[in-house]
Amino acid sequence: DGGITQSPKYLFRKEGQNVTLSCEQNLNHDAMYWYRQDPGQGLRLIYYSHIVNDFQKGDIAEGYSVSREKKESFPLTVTSAQKNPTAFYLCASSIFGMGAVEQFFGPGTRLTVL
Amino acid sequence: GQQLNQSPQSMFIQEGEDVSMNCTSSSIFNTWLWYKQDPGEGPVLLIALYKAGELTSNGRLTAQFGITRKDSFLNISASIPSDVGIYFCAGLTGANSKLTFGKGITLSVRP
């Protein structure tokens, strides 16, 4: 079955540690996205990538980093510079190009920093 | 920046009732998407709208792309308990695929 996987589902880290969240898709989508969701808030865009080896900052990129070495994978690192990292993180992907804008989401990773 | 407004934040309905949600903006959007999110899960795409005035159905769900291109509506008919969740609208203004999301409406259905 095609889809987007995120692992792990729950992640606990100590304050000051970097942590990397995994996102893999087998939909052959060009574009991938990372969002952060806090209670009562909409989804806020952290980083996005439209093509391998290229990515752009979203609205709240500070304290985060990404890489896009393979089309299928778009890992997100939450660094110690992120002041309030506890949140629900969602990865999404889409076909990039005119007329195809639907984004499909993974199941999310809930990060708790203690 | 662009904002999508969804209100109220929460809605409570009785099983079997119809419910309508809207999403408004001061900006024009070329595409509207409606997503549903179950607790602890990722959002699932319900309906996509591409043309002003477009009316699209998906089972008991019907969504419309407003004529002004500044709003969209989602209707759920004959609600059932599994309709519980958060409903997000999202809009796209251009071809760069950066979506703007509303804050969502949490729907509760009383049996």
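Every number in this text was worked out from the coordinates using simple rules, so none of it is lab data. Owing to the predicted nature of the structure, the values given are computational and were not obtained by experimental measurement. Backbone-built Cβ (ideal geometry, glycine too); neighbour counts: all protein chains shown.
Quick one: net charge of B:G53's neighbours, Cβ under 14 Å, K/R +1, D/E -1?
Neighbour charge sum, excluding B:G53 itself: +1.
Using the C-alpha gyration tensor of chain A, what are the square roots of 5 times its eigenvalues, in whole angstrom, with the largest one first?
Values for chain A, descending: 23, 14, 13 Å.
Report the residue, chosen from B:S57, B:S82, B:S72, that carries the largest GNM mean-square fluctuation when chain B is represented by alpha-carbon nodes joined by springs under 10 Å.
Fluctuation is largest for B:S82.
Could you pull the Cα extents of the protein assembly as shown along its three principal axes, largest to smallest, in whole Å?
Between the extreme Cα coordinates on each principal axis of the protein assembly as shown lie 48, 39, 37 Å.
On the first, second and third principal axes, largest extent first, how far apart are the outermost C-alpha atoms of the stretch B:33-111 in Å?
40, 25, 16
What fraction, in whole percent, of alpha-carbon pairs in the stretch A:34-74 exceed 14 Å separation?
Cα-Cα pairs of the stretch A:34-74 separated by over 14 Å account for 46 percent.
What translational diffusion coefficient, in µm²/s and rounded to a whole number, does the Stokes-Einstein relation yield for the stretch B:1-70 at 25 °C and a viscosity of 0.890 mPa s, taking the hydrodynamic radius as the Kirkwood radius over Cα pairs?
180
Would you work out the charge dipole size for the stretch B:30-111 about its Cα centre, treating the Cβ of every Lys and Arg as +1 and the Cβ of every Asp and Glu as -1, and quote it to the nearest 20 debye?
Magnitude of the dipole: close to 200 debye.
Only Cα pairs under 8 Å and at least 6 apart count here; give the relative contact order of chain B as a rounded whole percent.
Relative contact order for chain B comes out at 37 percent.
Let me have the relative contact order for chain A, percent, based on Cα pairs under 8 Å that are six or more residues apart.
That works out to 35 percent.
Too long at a 21 Å Cα-Cα cut-off: which of A:K71/B:K98; A:K14/A:K83; A:K14/A:K57?
Table pairs above 21 Å Cα-Cα are A:K14/A:K57.
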